[in-house]
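Novice: Pasting a structure below so you can have a look.
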Amino acid sequence: MKTVEEIKAAIEAAVPGAGVEVMQNPGPSGQHSLLLKPEHALEVAKFLHDDAELALDHLSNVTGVDWPDKEIAEKVKVTRQVTKSVDGVEQTVEETVEETRKRVEPGYLEVVYHLFSVAKKHGPVVLRQRTQNRSDKVEVPSLTPLWRSAEFQEREIFDLFGIVFTGHPDLRRILMWDGFKDHPMRKDYVEPDDFEYEPTAHDEVLKRAQEHRARAGAAVGEGAGQ
Amino acid sequence: MTNSATQSAINTQVEGWNRPREIEPDGDNELLEVAMGPHHPSTHGVFRMDVALDGERIIRLKPVFGYLHRNHEKLGEGQTYLASIPYTDRLDYICSLTNNWAYALAVEKLGGIEVPERAEYLRVIVGELTRVQNHALSVGFLIQDMGASGTPLMYAFREREKILDLFEQLTGSRMMCNYMRFGGCRVDASAEWLDGVRKVVAGLPAFADEYEALLCTNEILMARTQGVGILPPELAVNAGATGPLLRASGVNYDLRKVDHYSIYDRFDFKVPLGDHGDVYDRFMIRLLELRQSIWILEQALKDIPGGPIMDPKAKIRGFRPKPGEAYGRIEAPKGELGFYLISDGGPNPYRYRVRPPSLINLTVLEDMCLGQNVADVVLILGSVDIVLGEVDR
């Protein structure tokens, strides 16, 4: 089978301006991936599906990955002017100080596709798509029109990660119920407090039970431990 | 075959060719909407199909999942690589050993771990025993769903019991085996155990003969299953169907042959294929695969070497693979079972994904059922062979 670099070249010959990026996998499995741009994702996918040499007709696995905002602390050398008294005379001196600055790298949600070929019996070719952020711009184009196997798996990603697939024929929650609000597979998901705390004599349990009762109203938790 | 190949080239150019077709109700019958399940015994668990019926005909079918959802993937992210192995047993609880195998394979790819030869042989032996009991059982349940209460299923259970006794002797548990580790297997098989396997395997061909003589030419079975629930090969490939469901449609794709994983290259076996892609073909493929598995078992039991069962360099406790990712897959009895893992260098996987064959094989359930009678839905679902522990995860 072709290497990722060769596949990238073939894609760029067939779809001008596709802007595919090779993502190196540092691990020993050697499954490098191709990052697609959302505006060309369907064209590129169609090429991979229809190309006679690649013939990637089997979309095996579709999954989401959550990459939250990362706070990166960097040490930066800063030169600034300091007023000092040198030999009893006030002077303005330039001084280099090391300072720790914090920078937030914005997070994103990612969809990973593993493609194989049933006709040629090769694979995997790994594709990735990224959303712009994790809150309001979470759309990526759906590949379900090309590979039907993405239908339930993209619904699952929509359900558990909250990625919206434009062009999906039936985008509904699949595992959680329809009235459910959050996306449980995100890294910052907090479990809802819907337990009945048994008021055992542990301080932290009693405290949680008290908070829970205050939140949920007096009706919940009454009678527990009687 | 050339004809259907050119046909598929034409078909796939039309947009929406892979969607379920629209069926118009005939006459002025009112549509009846029925929720089949979640507690219907034929759904093999808690699974619901919202069906619209025109008389007896299926006009629409929407599967509803999630009754057994426990977010297995989130659990996997919250614990170490080793701690996930017992959890994989609970995915497809009929075939816990192949689940272990797929997970161990993915972690071995992620960490670049080698597996000693004897461990590979043990994996093949327990894996193929799992396939034998799964196929016998799924055929038994299919016939049970058809109305033949008891007899074929009890025949299957009789053989399965012998195999589960072997699993219990080897691993300490009948169903939740927790046997494989990345880099090998947990315990070595004794010579007595291998003799016990030889004894059971020697009895399996007679069971297959008996099962086939009982079922294959049964008039009612043929009338109920032939031409029912046809799945065209182009759609099967496009919808990601794998395992016996795909091969019954005539597509030659068996990961044991394609991926050359483990030591399957050393064994001589054939991949049975169907012609029509109907329920009867799926039933027949399972019986034929059962025979091939017996043949693989005989070969493996003949040449199993001595030696270590664990890679001495593999670190099981406190295992921290280097950052990277890997997708590993095997041919599980129900289809392609894959695990996708991302490591960030920590003791827990950053992302732990199960590619469940049962869920993805259900993508085409509606296509197979449209236009069929409501009684056939039970058979078509039975012929897909699902386990809800894996569908919902």
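Novice: Going by what's in this entry, would A:L175 be described as facing chain B (nearest Cβ under 8 Å), assigned to a loop (DSSP other than H, G, I, E, B) and crowded, with 21+ Cβ neighbours inside 10 Å?
Specialist: Values: facing chain B (nearest Cβ under 8 Å): yes; assigned to a loop (DSSP other than H, G, I, E, B): yes; crowded, with 21+ Cβ neighbours inside 10 Å: yes.
Answer is yes for this residue.
Novice: Scanning the stretch B:345-379 for residues that are in contact (Cβ under 8 Å) with a residue 40 or more places away in the chain and part of a loop (DSSP other than H, G, I, E, B), which turns out surrounded by the most Cβ atoms within 10 Å (Cβ to Cβ)? Spell out how you get there, then give the answer.
Specialist: Here is the first cut: in the stretch B:345-379, the ones in contact (Cβ under 8 Å) with a residue 40 or more places away in the chain are B:347-354, B:356-379.
If we keep only those that are part of a loop (DSSP other than H, G, I, E, B) as well, we get B:347-350, B:356, B:370-372.
Values: B:P347: 15, B:N348: 16, B:P349: 26, B:Y350: 17, B:P356: 29, B:L370: 17, B:G371: 13, B:Q372: 20.
Filtering first and then ranking leaves B:P356.
For (1) more than 18 Å from the chain's Cα centre (by Cα); (2) among the β-branched types (V, I, T); (3) modelled with pLDDT under 90, each residue gets a yes or a no:
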site: B:V279; (1), (2), (3): no, yes, no
site: B:R286; (1), (2), (3): no, no, no
site: B:L290; (1), (2), (3): no, no, no
site: B:I294; (1), (2), (3): no, yes, no
site: B:L301; (1), (2), (3): yes, no, no
site: B:G307; (1), (2), (3): yes, no, yes
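Novice: OK, next. When you scan the stretch B:53-102, how many residues do you find that are more than 14 Å from chain A (Cβ to nearest Cβ), more than 23 Å from the chain's Cα centre (by Cα) and not in a strand (DSSP E or B)?
Specialist: 6
Novice: Might you check whether a residue that is at the interface with chain A (Cβ under 8 Å from one of its Cβ atoms), over 21 Å from B:D92 (Cβ atoms) and either in contact with a Leu (Cβ under 8 Å, 6 or more places away or on another chain) or touching a residue at least 60 places away in the same chain (Cβ under 8 Å) (or both) occurs anywhere in the stretch B:332-344?
Specialist: Pass one, the stretch B:332-344, residues at the interface with chain A (Cβ under 8 Å from one of its Cβ atoms): B:336, B:338, B:340, B:342-343.
Filter once more, keeping what is over 21 Å from B:D92 (Cβ atoms): B:342-343.
Now narrow it down to the ones that are either in contact with a Leu (Cβ under 8 Å, 6 or more places away or on another chain) or touching a residue at least 60 places away in the same chain (Cβ under 8 Å) (or both): B:343.
There is at least one residue in the stretch B:332-344 that is at the interface with chain A (Cβ under 8 Å from one of its Cβ atoms), over 21 Å from B:D92 (Cβ atoms) and either in contact with a Leu (Cβ under 8 Å, 6 or more places away or on another chain) or touching a residue at least 60 places away in the same chain (Cβ under 8 Å) (or both).
Novice: If A:E6 satisfies every condition in (1) assigned to a helix (DSSP H, G or I); (2) away from every other protein chain (no Cβ under 14 Å); (3) surrounded by 15 or more Cβ atoms within 10 Å (Cβ to Cβ) but one, which is the exception?
Specialist: (3)
Novice: Now, a different point. Do we have B:V387 as over 17 Å from B:G243 (Cβ atoms) and in contact with a helix residue (DSSP H, G or I) (Cβ under 9 Å, 6 or more places away or on another chain) here? It would help to see each step written out before you state the result.
Specialist: On the way: over 17 Å from B:G243 (Cβ atoms): no; in contact with a helix residue (DSSP H, G or I) (Cβ under 9 Å, 6 or more places away or on another chain): yes.
Spelling it out, it is not the case that B:V387 is over 17 Å from B:G243 (Cβ atoms) and in contact with a helix residue (DSSP H, G or I) (Cβ under 9 Å, 6 or more places away or on another chain).
Novice: Looking only at the stretch B:301-337, count how many residues are surrounded by 24 or more Cβ atoms within 10 Å (Cβ to Cβ) and more than 30 Å from B:Y350 (Cα to Cα).
Specialist: 0
Okay, residues lined up against (1) modelled with pLDDT of 90 or more; (2) among the hydrophobic types (A, V, I, L, M, F, W, C); (3) crowded, with 16+ Cβ neighbours inside 10 Å; (4) touching a Lys or Arg at 6+ places or on another chain (Cβ under 6 Å):
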residue	(1), (2), (3), (4)
A:Q129	yes, no, yes, no
A:D170	no, no, no, no
A:D182	no, no, no, no
A:Y197	no, no, yes, yes
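The rows are residues; the columns are (1) in contact with an Asp or Glu (Cβ under 9 Å, 6 or more places away or on another chain); (2) part of a helix (DSSP H, G or I).
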{"residue": "B:V115", "(1), (2)": "yes, no"}
{"residue": "B:R131", "(1), (2)": "yes, yes"}
{"residue": "B:N178", "(1), (2)": "yes, no"}
{"residue": "B:W193", "(1), (2)": "no, yes"}
{"residue": "B:L204", "(1), (2)": "yes, yes"}
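Novice: For the stretch A:64-157, which strands (runs of 3 or more DSSP E) that fit wholly inside it have 2 or more residues that are of a type in the set (S, T, Y) and away from every other protein chain (no Cβ under 14 Å)? Explain how you work it out, then say what you get.
Specialist: Values: elements: A:70-86, A:89-105, A:108-117, A:122-130, A:139-141.
Because the criterion is at least 2 residues that are of a type in the set (S, T, Y) and away from every other protein chain (no Cβ under 14 Å), the strands (runs of 3 or more DSSP E) in the stretch A:64-157 that meet it are A:70-86, A:89-105.
Novice: Also: Name every residue in the stretch B:238-285 that is away from every other protein chain (no Cβ under 14 Å), charged (D, E, K, R) and more than 24 Å from B:L122 (Cβ to Cβ), in order of residue number.
Specialist: The answer is B:D275, B:D278, B:D281, B:R282.
The values are calculated or read from the model by the stated rules, or taken from the named source; none is laboratory data. In this text, all values refer to a predicted model and were calculated from it rather than measured experimentally. FYI the Cβ positions are ideal-geometry reconstructions off the backbone, even for glycines, and counts take in every protein chain you see.
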